[in-house]
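Working notes for the structure below.
The values are calculated or read from the model by the stated rules, or taken from the named source; none is laboratory data. Source: prediction; values computed, not measured. In this analysis, Cβ positions are derived from the backbone assuming ideal geometry, glycine residues included, and neighbour counts consider all displayed protein chains. For accessibility, only protein heavy atoms count, side chains too; no ligands or nucleic acids. Shrake-Rupley method; radii C 1.70, N 1.55, O 1.52, S 1.80 Å.
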Amino acid sequence: MRFAGFVLLFGLLTCQAWADISMHDFIIQETSYTRLCLTKKILTVNGKFPGETIYARKGDTVIVRVHNQAENNVTIHWHGLSQPRNPWSDGPEYITQCPIQPGANFTYRLFFSEEEGTIWWHAHSSWDRATVHGAIVVNPRIGTAFPYPNPYKEIPIILGEWWIPQVSDVIAESIQTGAGANISDAYTINGQPGDLYPCSNQSTFTAQVEYGKTYLLRIINAAITSELFFAIAGHRLTVVGTDASYTKPYSTDFIMITPGQTFDVLVEANSTAGGRYYMAARSYSSTVGIPFDNTTTTAILEYVSNRSGIGSPNAPPAFPSLPDFKNTDAAAQFTAGLRSLASEAHPVNVPQVVDQHILITVSVNLLPCGPGQNCSGPNGDRLSASLNNQTFNTPTTDVLEAYYKNISGVFGTGFPGQPPLFFNFTGENLPGFLLFPNRATEVRVVEYNTSLEIVFQGTNLLARENHPMHLHGFSFYVVGTGFGNFDKDKDPLNYNLVDPPYQNTVGVPRSGWAAIRFKAQNPGVWFMHCHLDQHLVWGMDTVFIVKNGNGVGASLLAPPPDMPPC
């Protein structure tokens, strides 16, 4: 089995430094789980929810063979893994691959290049990632170490959502009616809702700690629709990494984590009283007038003993102070404190000169209700979303294959570098005609090695809210954020070009903007989208194609022989 893996990889590994290779089998299947007093079948990997953790070191190669034994198509995305020259294993359906059909298999080849810290994997087909997800831990290369003292233990914390009905039915109803999807019935920590929900307190996730020890929490927001505040009662959190990149140690009472983001957080078990403390997460919902899940999920941090050797296992857990659901200031203040480590061993390389400036408006929109349809969106229309007034129309042939094989008619190259109309994006009472975008399959083509600055500009067209924007194939420097309309003359004067955070998912503030910079040094087809899955379904996405360059390592790899057909 291992020999077969070497044969499959031989043509790839001759082009890169030799690395350790490990293999995993992912069996996609339906498994019965009981939550909130009810049992239902959910889609899982190897019967687990959340799924198994993949461990690797920087520079490794990991082979994952996916066997689809479910009744629906599926793909897997390796979120935060740049996959140099290898978009064939990136995962989003109809963008870089056709889905793996029931009864079929596909082998993903994962190249760990620059990442070091926590990333994750999840389904990238429909809303399957609600239950098909798991952590990826990328440790330093052998001979190197964390840039902070080694923790005593590591604790994965995966935040998610749970619906009582089947998630597939929830999104199917939304697509059919054109209305927003029903909100979740609970949030979860490591798959468990926690003490505050019915029929849940016996299975609440509990992490046992020892006084005086330091623990590393690897926190992932796997929720479908919600940004979340997270805190631990009686304990400060020290952020030391985000999206598999180290940060300057940052002490805080809470974090705000968008869907798709990860944080590495140190927690010192320093309570002399011992006892039990709630970890808790609840929604940060920046939109006014839109329903959201206002429940709170909990887990327990439990001391096995205190300094005197006297444990307190039966004391009721203390509850943390979390910001209010609508506290945009708290969310912005937390995000503003993130800085790259910028050390000799972990330097930053922010593009100081930009070859191409791109401004992208991020909007929630409407589409006209079609003939014979009964639409339940605002004004009897269908809810939609757009980037630069373009609602992405997902093709039935994947974009990567069409690009590689020069198949015409699948996509156009007309995604604009700025919105077609400039207006007061964050103004009040905007004209109704602005609500209706174009619908097309347009991509943006850039030359290899181009230095890019992208400013995501939120709008108030139908709903003003935070938008977590995720770019496949790249991490990027978040050089600036702000509220209101981006001012191209004034706002860049306040950019952080010294030690900005290096991330793959950035929250565009409610009625505000976020600016990122990166160099297009990864040839291939790469998806960019909002990581609120409702917005993704509505078309808040596009594709970047980075053309081949000159020299070794500047060309797209050839497709694997087992690519699924459309």
Longest to shortest principal axis, alpha-carbon extents of the range 197-272, angstrom: 39, 34, 18
How large is the Kirkwood hydrodynamic radius of the range 255-400, in angstrom, based on all distinct alpha carbon pairs? 21.2
Within the chain, helix-based [θ] at 222 nm, where runs of 4 or more DSSP H residues each add -39,500 (n - 2.57), nearest 500: -2000 deg cm²/dmol
Relative pair counts by distance (%), Cα atoms of the range 38-127, 10 Å bins: 15, 50, 29, 6, 0
Taking a straight Cα-to-Cα line shorter than 17 Å from K519, and setting aside same-chain aspartates and glutamates fewer than 8 residues away, one finds E114, E115, D355, E447, E453, D499
How far apart, in nanometres, would the label points at N105 and M23 be if each is projected 7 angstrom from Cα along the Cα-to-Cβ direction? 0.9
Against the 2.2 N^0.38 Å scaling, with N counting residues, where does the range 81-185 land? I'd like the Cα-based Rg ratio to two decimal places. 1.39
What does DSSP give for the chain in terms of the percent of beta bridges that are antiparallel, rounded to the nearest 5? 70
Give me the percent relative contact order of the chain, please, defined on Cα pairs under 8 angstrom at least 6 residues apart. 14
How high is the FRET efficiency from Y152 to S555, r the C-beta distance, R0 41 Å, rounded to 0.05? 0.35
From the P(r) of the chain, could you give the percentage of C-alpha pairs in the tail past 31 Å? 46
Could you calculate the FRET efficiency of S408 with N374 from 1/(1 + (r/R0)^6), where r is the beta carbon distance between them and R0 is 35 Å, rounded to 0.05? 0.45
Other residues with Cβ under 10 Å from the Cβ of E465 give, with Lys and Arg +1 and Asp and Glu -1, a net charge of +1
If you split all Cα-Cα distances of the range 345-428 into 5 Å bins from zero, what percentages do you get per bin, shortest first? 3, 10, 13, 14, 16, 17, 13, 8, 4, 2, 1, 0, 0
Over 24 Å between Cα atoms: which of K248/K490; K58/K153; K405/K547; K48/K326; K488/K547 fall into that group? K248/K490; K48/K326; K488/K547
Calc'd 3J(HN,Hα), the range 106-114, phi into Karplus 6.51 cos²θ - 1.76 cosθ + 1.60 (θ = phi - 60°), Hz, glycine/Pro = x, comes to 8, 9, 8, 10, 10, 9, 8, 10, 9
When all protein chains stay in place, what accessible area (Å², nearest 10, 1.4 Å probe) is found for L43? 20
How would you order 418-425, 392-399, 320-327 from highest to lowest mean count of nearby Cβ atoms within 10 Å? 392-399, 320-327, 418-425
Report, to two decimal places, the Cα Rg of the range 411-497 normalised by 2.2 N^0.38 Å (N = number of residues). 1.24
Alpha-carbon centroid distance for the pair the range 235-309 / the range 101-118, whole angstrom: 28
Estimated vicinal HN-Hα couplings, Hz - the range 513-527 in sequence order (Karplus 6.51, -1.76, 1.60; Gly, Pro = x): 8, 9, 10, 10, 9, 6, 10, 7, 10, 10, x, x, 10, 10, 7
Return the whole-Å distance between the Cα centroid of the range 415-452 and the Cα centroid of the range 469-547. 14
Among the aspartates and glutamates, select those whose C-alpha is under 18 Å from the C-alpha of K213, and discard any that sit fewer than 8 residues away in the same chain. E154, D264, E268, E302
Whole-Hz ³J(HN,Hα) for each residue in the range 219-236, computed from phi via Karplus 6.51 cos²θ - 1.76 cosθ + 1.60 with θ = phi - 60°, x for glycine and proline: what do you get? 9, 10, 9, 9, 5, 7, 10, 10, 7, 9, 8, 9, 7, 10, 4, x, 9, 7
